[in-house]
1. Here is a list of conditions, (1) among the polar types (S, T, N, Q); (2) surrounded by 21 or more Cβ atoms within 10 Å (Cβ to Cβ); (3) more than 8 Å from the ligand (Cβ to nearest atom), and Q58 meets all of them except one; can you say which number that is?
2. Filter the range 28-55 for residues that are outside any strand (DSSP E or B), touching a strand residue (DSSP E or B) at 6+ places or on another chain (Cβ under 9 Å) and near the ligand (Cβ under 6 Å from one of its atoms) and give the result.
3. Given (1) buried (at least 21 other Cβ atoms within 10 Å of the Cβ); (2) not in a loop (DSSP other than H, G, I, E, B), identify the lone condition not met by G12.
4. Pull up the range 68-96, narrow it to residues that are open to solvent by less than 70 Å² (accessible area, probe 1.4 Å) and assigned to a loop (DSSP other than H, G, I, E, B), then point me to the one that is modelled with the lowest pLDDT.
5. Please state which one of R136, R171 is at positive phi and open to solvent by 70 Å² or more (accessible area, probe 1.4 Å).
6. Run down Q25, Q99 and say which single residue is out of contact with any Lys or Arg (no Cβ under 7 Å at 6 or more places or on another chain), open to solvent by 60 Å² or more (accessible area, probe 1.4 Å) and closer than 29 Å to R171 by Cα.
7. Tell me, please, whether a residue that is out of contact with any helix residue (DSSP H, G or I) (no Cβ under 8 Å at 6 or more places or on another chain), more than 23 Å from V61 (Cβ to Cβ) and part of a helix (DSSP H, G or I) can be found in the range 98-119.
8. Can you spot a residue in the range 126-133 that is more than 15 Å from the ligand (Cβ to nearest atom), at pLDDT 95 or above, in contact with a Ser or Thr (Cβ under 7 Å, 6 or more places away or on another chain) and not acidic (D, E)?
Amino acid sequence: MKTRTRVVVIGGGIAGCSTLYHLTQEGWTDVVLVERNELTSGTTWHSAAQVTNFGMTQTMVGLKSHSIKLYQELAADPDYPINYHHGDGGIRLANTPEQMQGYRHFASMARGMGVEYEILDPAECARRHPLITTDRLLGGLWDGMDGDIDPAQLCQALARRARNAGAEVYRNTPVTALTQHKDNTWRYCRKVLGSLVSPNM
Ligand SMILES: Cc1cc2nc3c(=O)[nH]c(=O)nc-3n(C[C@H](O)[C@H](O)[C@H](O)COP(=O)(O)OP(=O)(O)OC[C@H]3O[C@@H](n4cnc5c(N)ncnc54)[C@H](O)[C@@H]3O)c2cc1C
């Protein structure tokens, strides 16, 4: 196990695995992930697992577009395919004029980024999803890129690619303390096995 590394990512849920993967994509390969249990043993494995393109800011729409492209690529990897139901579509419902106004605003903003949402009237909402009741419904926003993915497989796929790029993953290794030094390096202590120093945590 390394005793010095550029970055230590603590926790092997989606946040940690995605961070580790994206660091390697930026060329940071002297990086490790430390997980106290097994990868995706936290809240990630039982998440609702919805993957949407919807966001209320350009940053969120951009991040989600990036995720959708990445997940499509991971799902299509013949060496480690994962379950991703892409593009099933989903509706966000509105029962106040303010919600509808917001949806029109978000649709217009996203269109400028090349992302298309559709504004639906109540009848079209019911046509696309027959279980919807239209009482007091003013309309909805259709996100055609909506889908779902297996979050546990997703973490494993990201960790696998990070490992292939040079990162290391230590499972069953709880971090028990963090200390920042004056030179901005960090020391973290893990149970039983000692400690690591990371300058960039
Ligand atoms: C594909 C996907 C779809 C999602 N869809 C939805 C959705 O539709 N709606 C919704 O509300 N949310 C959704 N989520 C979010 C989800 O519910 C969780 O909020 C999210 O997965 C949390 O991820 P995390 O990495 O922050 O935490 P966790 O998965 O909990 O990971 C934290 C990890 O840190 C480890 N850890 C903790 N302490 C230590 C320590 N001291 N030392 C070492 N390791 C430690 C834990 O064991 C754990 O594995 C989705 C997530 C994904 C991945």
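1. Here Q58 meets the rest and fails (2).
2. E35, R36, A48, A49 - these are the residues of the range 28-55 that are outside any strand (DSSP E or B), touching a strand residue (DSSP E or B) at 6+ places or on another chain (Cβ under 9 Å) and near the ligand (Cβ under 6 Å from one of its atoms).
3. Condition (2) is where G12 drops out.
4. G87
5. R136
6. Q25
7. No, there is no match, as no residue in the range 98-119 is out of contact with any helix residue (DSSP H, G or I) (no Cβ under 8 Å at 6 or more places or on another chain), more than 23 Å from V61 (Cβ to Cβ) and part of a helix (DSSP H, G or I).
8. Yes, the range 126-133 contains at least one residue that is more than 15 Å from the ligand (Cβ to nearest atom), at pLDDT 95 or above, in contact with a Ser or Thr (Cβ under 7 Å, 6 or more places away or on another chain) and not acidic (D, E).
The values are calculated or read from the model by the stated rules, or taken from the named source; none is laboratory data. Every value quoted in this text rests on a predicted model; they were computed, and no experiment measured them. Methodologically, a virtual Cβ is constructed for each residue, glycine included, from the backbone with ideal geometry; neighbour enumeration extends over all protein chains shown. Calculation scope for accessible area: heavy atoms of the full protein, side chains included, ligands and nucleic acids excluded. Shrake-Rupley method; radii C 1.70, N 1.55, O 1.52, S 1.80 Å.
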